[in-house]
Structures are given as C-alpha cells and as structure tokens.
Amino acid sequence: MPKRILTDFNNADLLRQLKDSGVSFVLVGGGLSRLTAAAMNYLPELDILIDPTIENAQRVISVLSANGVPLRIRATDLAGPKKAAGG
C-alpha cells in the first residue's frame, strides 16, 4: 500500500495551492462530508483524487515539492489508470 504524503501546511493552503497551480482534482471520502470553510483546516486527512494525466501529476508534485514535502514518488507514479498515493 502506498505511504501517506504528510505536509507541514494546513488543508486550506494545500487545496488553494493545488487549485492555483491548475491541478485537476476532487475531494472524496469522509472528509468531504464534513467540509466547511471553518472546518477545512482541522480535518486530519484529505482524500484527493487527481486527474491521472502526466501533466496534472507534474503539477501535484510541483506543489508538494515547493512546500518542502519529502517525496519518494514521481509524476509517472501518479499518472495513468488505477494509480494511488496516500494511505
């Protein structure tokens, strides 16, 4: 099973940076059902489904790398059908 990607910034910042970088994604899972502007920063985790194109995966990697997130994955690991990152 893939490992979680941990960040040092809050969820609202992460979502904003992904959106501002043109990443195509949707939120899924239990966190989505509790999502409000006030609660977004306090969700313990987010399940994010990204469009699995190589260009979109490169944008995701770029956002995470720019924030100092240590990554052991590449864009090619996220791109393509039935790929997953997280835990």
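Going by what's in this entry, would ALA12 be described as surrounded by 11 or more Cβ atoms within 10 Å (Cβ to Cβ), assigned to a helix (DSSP H, G or I) and either at pLDDT below 80 or of a type in the set (Gly, Ala, Ser) (or both)? Criteria met by ALA12.
Residue count for the range 61-82, restricted to those that are in a helix (DSSP H, G or I) and not hydroxyl-bearing (Ser, Thr, Tyr): 7.
For the range 44-55, which residues satisfy the criterion of being in contact with a Phe, Trp or Tyr (Cβ under 8 Å, 6 or more places away or on another chain) and at pLDDT 90 or above?
Across the range 44-55, the qualifying residues are ILE50, ASP51.
Among all positions in the range 25-43, there is at least one residue which is surrounded by 13 or more Cβ atoms within 10 Å (Cβ to Cβ), at pLDDT 80 or above and not in a loop (DSSP other than H, G, I, E, B).
The values are calculated or read from the model by the stated rules, or taken from the named source; none is laboratory data. What you see is a predicted model; the values in this text were computed from it and never measured. Neighbour counts are summed over all protein chains in view; Cβ atoms, including those assigned to glycine, are modelled from backbone coordinates with ideal geometry.
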